[in-house]
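Q: Sharing a structure, written as structure tokens. Questions coming.
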Amino acid sequence: GAGVSQSPRYKVAKRGQDVALRCDPISGHVSLFWYQQALGQGPEFLTYFQNEAQLDKSGLPSDRFFAERPEGSVSTLKIQRTQQEDSAVYLCASSHNRLAGSTDTQYFGPGTRLTVL
Amino acid sequence: GQNIDQPTEMTATEGAIVQINCTYQTSGFNGLFWYQQHAGEAPTFLSYNVLDGLEEKGRFSSFLSRSKGYSYLLLKELQMKDSASYLCAVRSTSGTYKYIFGTGTRLKVLA
């Protein structure tokens with residue numbers, strides 16, 4: 001596709017439910033990032049993939065959060081037993097180059113707005 | 001620790017010039033990025049600096065001083081459509097490379 005897509009765009013979950021958020025990166029992009037953005041704040045790093053390898057998951061808030069990218073393309077962020085504090089916009093971004101030090105930049109998807117009641 | 005500071009809000013008049021400042025303290029530095037984010041939309045890339053100095057791109061310019069941990073985004077000939085949040089982000093080299101974002105500066109452009 002032309003850009004990064006995410007689905008669903010909006011998700012309402014009852015506290016305790018599990019949710020799965022999908023990201024389709026730009027075709028051929030090696031790097032994929034997940035961010036959490038609370039209202040009025042900047043994106044907070046969650047995790048980073050290079051192809052199918054999850055190289056950094058230091059930003060995941062708890063073990064209820066899990067991300068995968070099994071074939072190096074589509075990625076899924078799963079949140080188990082959702083809590084109200086999980087309510088936020090979850091942004092996915094991809095970039096072409098795996099090399100730090102490049103001028104490569106991230107392209108963001110539209111995000112999934114998660115509301116936990 | 002990792003810290004990026006930018007003003008929360010700024011207001012300017014259509015046609016004017018505005019400068020949005022960003023200071024950072026990060027573990028490792030591999031470039032500074034500015035993004036624009038309209039309400040309810042994804043951030044979009046504006047500019048990138050890795051060396052000291054000014055990068056100009058149309059109405060937008062960005063400056064970096066690595067020794068001072070300082071950057072600014074300069075917007076000229078402001079238009080109403082420039083009303084948005086402007087995010088400063090540093091690509092850190094602590095561990096794997098990742099992007100640390102500031103909280104964003106919400107710019108209001110008034111007629």
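The values are calculated or read from the model by the stated rules, or taken from the named source; none is laboratory data. Treat the numbers as computed from the prediction; the structure is a model and nothing was measured. Positions of Cβ are generated from backbone atoms using ideal geometry, with glycine treated the same way; all protein chains shown enter the neighbour counts. Ligands, DNA and RNA are stripped out before the accessible areas are found, and what is left, the full protein with its side chains, is counted by its heavy atoms. Shrake-Rupley method; radii C 1.70, N 1.55, O 1.52, S 1.80 Å.
Q: If a residue must be away from every other protein chain (no Cβ under 13 Å), hydroxyl-bearing (S, T, Y), open to solvent by less than 30 Å² (accessible area, probe 1.4 Å) and closer than 18 Å to B:G40 by Cα, how many such residues does region B:58-111 contain?
A: Going through region B:58-111 one residue at a time, the tally reaches 0.
Q: I would also like to ask the following. Scan region B:82-111 residue by residue and report those that are among the hydrophobic types (A, V, I, L, M, F, W, C) and farther than 22 Å from A:S58 by Cα.
A: Here is the first cut: in region B:82-111, the ones among the hydrophobic types (A, V, I, L, M, F, W, C) are B:84, B:87-90, B:100-101, B:107, B:109-111.
The answer is B:A84, B:L107, B:V109, B:L110, B:A111.
Q: Out of region B:26-57, which residues are buried (at least 17 other Cβ atoms within 10 Å of the Cβ), facing chain A (nearest Cβ under 9 Å) and among the hydroxyl-bearing types (S, T, Y)?
A: Those that are buried (at least 17 other Cβ atoms within 10 Å of the Cβ), facing chain A (nearest Cβ under 9 Å) and among the hydroxyl-bearing types (S, T, Y): B:Y35, B:Y48.
Q: Then there's this: Restricting to region A:1-33, what's the tally of residues that are under 23 Å from A:N97 (Cβ atoms), in contact with a Phe, Trp or Tyr (Cβ under 7 Å, 6 or more places away or on another chain) and away from chain B (no Cβ under 11 Å)?
A: 2
Q: Mind checking which residues of region A:20-29 are open to solvent by less than 30 Å² (accessible area, probe 1.4 Å) and touching a Leu at 6+ places or on another chain (Cβ under 9 Å)?
A: A:L21, A:C23, A:P25
Q: If you check A:T105 against the conditions, is it surrounded by 16 or more Cβ atoms within 10 Å (Cβ to Cβ), within 14 Å of another protein chain (Cβ to nearest Cβ) and in a loop (DSSP other than H, G, I, E, B)? Spell out how you get there, then give the answer.
A: Details: surrounded by 16 or more Cβ atoms within 10 Å (Cβ to Cβ): yes; within 14 Å of another protein chain (Cβ to nearest Cβ): yes; in a loop (DSSP other than H, G, I, E, B): yes.
The answer is yes for A:T105.
Q: Moving on to the next point. Can you tell me which residue in region B:1-22 is farthest from the other protein chains (Cβ to nearest Cβ), limited to those that are surrounded by fewer than 17 Cβ atoms within 10 Å (Cβ to Cβ) and assigned to a loop (DSSP other than H, G, I, E, B)?
A: B:G15
Q: Now for a separate question. Identify, please: which residue in region A:34-46 is more than 9 Å from chain B (Cβ to nearest Cβ) and within 13 Å of A:A67 (Cβ to Cβ) and is, among those, nearest to the chain's Cα centre (by Cα)?
A: Kept after step one, since they are more than 9 Å from chain B (Cβ to nearest Cβ), are these residues of region A:34-46: A:34, A:36, A:38-39, A:46.
Pick out the ones that are also within 13 Å of A:A67 (Cβ to Cβ) and you get A:34, A:36, A:46.
Working: A:W34: 3, A:Q36: 7, A:L46: 7 Å.
Looking at residues that are more than 9 Å from chain B (Cβ to nearest Cβ) and within 13 Å of A:A67 (Cβ to Cβ), I get A:W34.
Q: Which of the strands (runs of 3 or more DSSP E) contained wholly in region B:23-97 include at least 1 residues that are farther than 29 Å from A:L46 by Cα and touching a residue at least 40 places away in the same chain (Cβ under 8 Å)?
A: Details: elements: B:32-37, B:44-49, B:53-57, B:60-65, B:70-75, B:84-92.
By residue number, B:70-75.
Q: Shifting gears a bit: For region A:47-65, which positions are assigned to a strand (DSSP E or B) and either over 11 Å from the mean Cα position of the chain (by Cα) or touching a residue at least 40 places away in the same chain (Cβ under 8 Å) (or both)? Working first, answer last.
A: Step one: list which residues in region A:47-65 are assigned to a strand (DSSP E or B), which gives A:47-50, A:53-56, A:65.
Once the filter is applied, which keeps residues that are assigned to a strand (DSSP E or B) and either over 11 Å from the mean Cα position of the chain (by Cα) or touching a residue at least 40 places away in the same chain (Cβ under 8 Å) (or both), region A:47-65 yields A:Q50, A:A53, A:Q54, A:L55, A:D56.
Q: Check A:Q36, A:Q54 and return the single one that is in contact with a Leu (Cβ under 8 Å, 6 or more places away or on another chain) and open to solvent by less than 80 Å² (accessible area, probe 1.4 Å).
A: On the way: A:Q54 fails: in contact with a Leu (Cβ under 8 Å, 6 or more places away or on another chain).
Residue meeting the stated conditions: A:Q36.
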